[in-house]
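The values are calculated or read from the model by the stated rules, or taken from the named source; none is laboratory data. Note that the structure is predicted; figures quoted are calculated from it, not measured. Don't worry about glycine lacking a Cβ; one is built from the backbone with ideal geometry, like all the others, and counts go over all protein chains shown. Surface accessibility is based on the protein's heavy atoms, side chains included, excluding ligands, DNA and RNA. Shrake-Rupley method; radii C 1.70, N 1.55, O 1.52, S 1.80 Å.
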Amino acid sequence: MSGSVLFDAPGPRARIRNHVVTVLTVVLTLLALWVVYTKLEAKGQLSAEKWKPFLTANLWTTYIMPGVEGTLTAAGVSIVLALVLGLVLGVGRMSHALPVRWVCSVIVEFFRAVPVLIMMIFAYFLFALYGVFPGEHLALAGVITGLTLYNGAVIAEIVRAGVAALPRGQKEAASALGLTSGQTMRSVLLPQAITSMLPVLISQLVVVLKDSSIGFVITFVELVRQGTQVGAAYGNYIPALMVVAVLMISVNFTLSWLATWVEGRMRRSRRGTAPLDSEAVEQEVVPGPAAP
């Protein structure tokens, strides 16, 4: 009999108790949802008139699609830049050069400690003060800067933890083969660590997508802000926010599914060729009788 790793297998009474608790939880959850539904229905928030604007093309082209475009643009650019920055800082924190390691550590700890919104606001006004970007791109630049700096620092820690989790024998074997520290990191450690880091990286990329919504503070046109604009224009805040929630969940689910698929492909591509069976080995090694 195999026991559970985290806790002992429940006995008959414990199983009955768990089933009762599960049923009560489901019933209470359904009851809470029913109460919320009845309250909203009594206020007319879920009436058909509140949903009719979503059947018109004008609402989608004026509000929803610009918000989707802004969210995906900010998240896509920030994800790419954060991955690059995180990889550089993560490798830098493991450098043998003390100044490089110290500088990268200070940068990572600083940007991990500063809230994302503060960095967005600071970058927005800094770019506006020096005219770095045109006025119509100031909000986008501020959002991308804040998301890149914060998430790049977090990804740097993910990279460092992923490499540190590898067996010491990998690095020692590379050193025995005469590889330099840079070659060891580039050709041996990072390729193995990427696969183990993917689940955590996926979670962080979803955080990047969700954090783009706080860009509304600096007038950035994103999906959540546009949802509130729809609610103000048509008087249907609850349906508008429900539609925005469905869209955000769909995008996050798609991103998670894509990253999981990439992880599976990477794991399959790293598998070696299947070993030969014993008969094939004998035929290869032991020659047959010589022909007369």
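Quick grid of which residues meet (1) closer than 29 Å to F220 by Cα; (2) of a type in the set (D, E, K, R); (3) touching a residue at least 12 places away in the same chain (Cβ under 8 Å); (4) out of contact with any Leu (no Cβ under 9 Å at 6 or more places or on another chain):
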position	(1), (2), (3), (4)
S47	no, no, no, yes
M65	yes, no, no, yes
R101	no, yes, no, yes
V108	yes, no, yes, no
The residue that is modelled with the lowest pLDDT, considering only those in the range 127-144 that are within 22 Å of V80 (Cβ to Cβ) and over 23 Å from the mean Cα position of the chain (by Cα), is V132
Out of the residues in the range 221-236 that are touching a residue at least 60 places away in the same chain (Cβ under 8 Å) and open to solvent by 10 Å² or more (accessible area, probe 1.4 Å), which is farthest from G44 (Cα to Cα)? V221
Testing V163 on (1) farther than 21 Å from M248 by Cβ; (2) modelled with pLDDT of 80 or more; (3) not in a helix (DSSP H, G or I), one condition comes back false. Which one is that? (3)
If you go through V208, V243, the only one that is touching a helix residue (DSSP H, G or I) at 6+ places or on another chain (Cβ under 9 Å), at pLDDT 85 or above, part of a helix (DSSP H, G or I) and open to solvent by less than 10 Å² (accessible area, probe 1.4 Å) is V208
Breaking point among (1) open to solvent by 50 Å² or more (accessible area, probe 1.4 Å); (2) farther than 30 Å from R160 by Cβ, for I64: (1)
Counted residues, the range 5-46 - those being under 33 Å from the mean Cα position of the chain (by Cα) and among the charged types (D, E, K, R): 0
Can you find even one residue in the range 181-195 that is at pLDDT below 80, assigned to a loop (DSSP other than H, G, I, E, B), surrounded by fewer than 17 Cβ atoms within 10 Å (Cβ to Cβ) and not polar (S, T, N, Q)? no
Flag if E109 is acidic (D, E), open to solvent by 40 Å² or more (accessible area, probe 1.4 Å) and either out of contact with any Lys or Arg (no Cβ under 7 Å at 6 or more places or on another chain) or at pLDDT 85 or above (or both): yes
Scanning for something under 27 Å from the mean Cα position of the chain (by Cα) and under 22 Å from I202 (Cα atoms), does the range 95-106 turn up at least one residue? no
Residues of the range 145-169 satisfying the condition of being of a type outside the set (A, V, I, L, M) and either open to solvent by 50 Å² or more (accessible area, probe 1.4 Å) or over 12 Å from M94 (Cβ atoms) (or both): T145, G146, T148, Y150, N151, G152, R160, P167, R168, G169
